[in-house]
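For reference, the structure is listed below as structure tokens.
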Amino acid sequence: MLGGKKFLENVDAPKDDIISSNDVFEFLKKRNCREEDINLIKEFVGNNYVLDASGFSGNTTLLVDGESGCCIKISDIPSNLQDLKILSNFFSKYKYTSNVISYISTNKDYLITEKINANLVLQEFRDINVVANIMGRYLREFHDTVWDIQYFSDDERRLLRDNSDKFITTALKHDVGLSFFADYLGDHDFHAMKNYIEKYGYLFDSDEVLVHGDFNPKNIFSKNGELYRIIDFSDSHFGDRHYDIYFSMWSCLLYYGLLNHKEVMDRFIDVFLKSYGIEKIDFDRMKLCNKIVCMYWQENNDINYLRR
């Protein structure tokens, strides 16, 4: 699904997760990337195979194998990955992600980071009960990290705070939400969702953990059964842990194809919450975050077929 559904409307891109270097270069040409930029990407990709780890955000994420391996993220919007570069540098200090190698902004944006010598959770684990257990445990580990805020740079502090404010304001922009979230919620009353967010949105900032924002099995790397690295901190912010909890459970069920299997879903959620720590769960706060997720991601996905 190279580049996500957004880019498949007018481009005949490869559909497989594992793609050849030639397919990558052909895709970039059709995407109107500059020749100089493609030549730079060629230096990193070489003749290696590439794992397309793109999600639904519209950005492309390519994990390059081999000795010169790396992670390449591409956006069609100039300067769109600049904030991610700042946050990636921040989280690399805590060994949660790899160091930034290069950031290029031309007619498109390219962020290249060091290779992660581990497998994505989605690659590594197929037993859904194991996935529920490790994802709950990994997320709790991330939330329990002690962040020394006094050593944050001004840019890091600004981005994390701005992102927190953005979730509520963005969610309230829309009269519709994403259909797959609404289906999962069993609720398509988007007007009522907005009213609920307006009434209780102040709670979103009252549990100040550092939220990842997109804690899904295509962004989490595992090694020897332990959390190893995380990618894609674009939506990271100080806020409510229940946002990550809900989004992570939903995304696992989505990527493992289980959203229409209620019995399996219920068991997955039970294992995930117990692994995370049920004593930390406030189901009223979870209800608020469910609705924020549904409305927020309408703005962050340019994928018409996912909308109501």
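Structural remarks
- The loop-placed GluC sites (Glu not before Pro) in the range 193-252, going by DSSP, that have at most 15 neighbouring Cβ atoms within 10 Å of their Cβ come out as Glu208.
- For the range 121-167, the set of GluC sites (Glu not before Pro) satisfying both a DSSP loop assignment and a count of at most 10 other C-beta atoms within 10 Å is empty.
- The fewest-to-most ranking of Ser153, Ser98, Ser179, Ser236 by surrounding Cβ atoms within 10 Å reads Ser153, Ser179, Ser98, Ser236.
- Part-to-part distance (alpha-carbon centres) for the range 14-55 and the range 123-138, which is given in Å: 30 Å
- Qualifying GluC sites (Glu not before Pro) in the range 23-89, DSSP loop, other Cβ atoms within 10 Å at most 13: Glu67
- Cα centroids of the range 169-198 and the range 214-279: 21 Å apart.
- Computed about its Cα centre, the charge dipole of the chain is approximately 180 debye, with only Lys, Arg, Asp and Glu carrying charge at their Cβ.
- Of [x] 24.3, 83; [y] 18.9, 54; [z] 20.0, 64, the label for Rg and Dmax of the Cα atoms in Å derived from the coordinates: [y]
- Based on C-alpha pairs under 8 angstrom that are at least 6 apart in sequence, the range 153-308 has a relative contact order of 37 percent.
- For the chain, the longest principal axis of the C-alpha atoms and the axis of helix 35-45 are separated by about 80°.
- With the convex hull of its Cα atoms as the shape, the range 122-258 has an orientation-averaged projected area of 9.1 nm².
No value in this document is a laboratory result; all are computed from the given coordinates. Small disclaimer: the values here were computed from a predicted structure and weren't measured. Note that each Cβ is placed from the backbone with ideal geometry, even for glycine, and that neighbours are counted across all protein chains shown.
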